[in-house]
Amino acid sequence: ENGLIQIDNAVALSHRHGKVTLGELRDAPSSLLGVPENTPIENLLFFDTETTGLAGGTGTAAILIGLARIEADAIHIRQYFLTGFGGEPAMLAATRDWIDEAAHLVSFNGKSFDAPLLAARYRLARSRDPLAHKGHLDLLHATRRAFGGVWQDCRLQTAERRLFGLYRDDDMPGALIPQV
């Protein structure tokens, strides 16, 4: 669509992410993931957004929606990058297709920020919000429950370093994304 770029990638579950392999997610018990018992890992949809700002409300739009799900022996990643606001309806429709297929959502601060933002964008587009009735595991809240009294902060990069030994090189702060 005009105003929208779709990027697809696959990362093998044998890939190391810091000191762990992505395939270890398959071995994690459902209770640890906070989803109903015996939920297939393939029924989880991981998502994140980058936006035009952090203020929220109708003036804030998602300029990037990232989605990931496990299929066979890989994590399939799909990113929708908005290059013009005319592409937003197509981005929302395509994102809805992946969300509809998932049983549960997984995010980091998605319950408080990403999901409400997308709900507002679907509402403005006079379209059904596919996130409304999905189970949602927000890893920020789980991280705060587990480590809030122990760590100095529970930011994503802190959790990545402490739990996975992952250090990002040349990462762009999220606050700069709209400007860039």
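The values are calculated or read from the model by the stated rules, or taken from the named source; none is laboratory data. What you are looking at is a predicted structure, and each value in this text was computed from that prediction instead of being measured. Using ideal geometry, Cβ is built from the backbone for each residue, glycine included, and neighbour counts are taken over all protein chains shown. These accessible areas exclude ligands, DNA and RNA; they are computed on the full protein's heavy atoms, side chains included. Shrake-Rupley method; radii C 1.70, N 1.55, O 1.52, S 1.80 Å.
What is the sum of charges around residue 69, taking Lys and Arg as +1, Asp and Glu as -1, for the other residues whose C-beta is under 10 Å from the C-beta of residue 69?
-2
Which option, [x] 39; [y] 61; [z] 48, is the value of percent of Cα pairs over 24 Å apart that was calculated from these coordinates?
[x]
Using DSSP loop states and a limit of at most 15 other Cβ atoms within 10 Å to flag chymotrypsin sites (Phe, Trp or Tyr not before Pro), what is the longest stretch of the chain containing no flagged site?
1-150
Report the Cα centroid-to-centroid distance between the range 10-25 and the range 40-89 in angstrom, as an integer.
Here the two parts' Cα centres lie 21 Å apart.
When only C-alpha pairs under 8 Å and at least 6 residues apart count, what is the relative contact order of the chain, in percent?
For the chain, the relative contact order is 25 percent.
Do the sum for the chain: with -39,500 (n - 2.57) for every DSSP H run of n ≥ 4, divided by all residues, what is the mean residue ellipticity at 222 nm, to the nearest 500 deg cm²/dmol?
After summing the helix terms and dividing by residue count, I get -7500 deg cm²/dmol.
What is the range 67-160 by shape, rounded, prolate or oblate, if you read a ≥ b ≥ c off the alpha carbon gyration tensor as root eigenvalues and call it rounded for a/c under 1.5, prolate for a/b larger than b/c, and oblate otherwise?
Note, shape of the range 67-160 comes out prolate.
Please compute the per residue accessible area over the chain with all protein chains in place, 1.4 Å probe, rounded to a whole number of Å².
It amounts to 57 Å² per residue over the chain.
Considering only 24, 42, 88, give the residue with the highest GNM mean-square fluctuation for the chain, with springs between Cα atoms whenever their separation is below 10 Å.
Highest fluctuation of the listed residues: 24.
Specify the residue with the greatest mean-square fluctuation among 71, 37, 50, computed from a Gaussian network of the chain linking alpha-carbon atoms under 10 Å apart.
37
What residue among 95, 143, 51 has the largest mean-square fluctuation in a Gaussian network model of the chain, using Cα springs under 10 Å?
143
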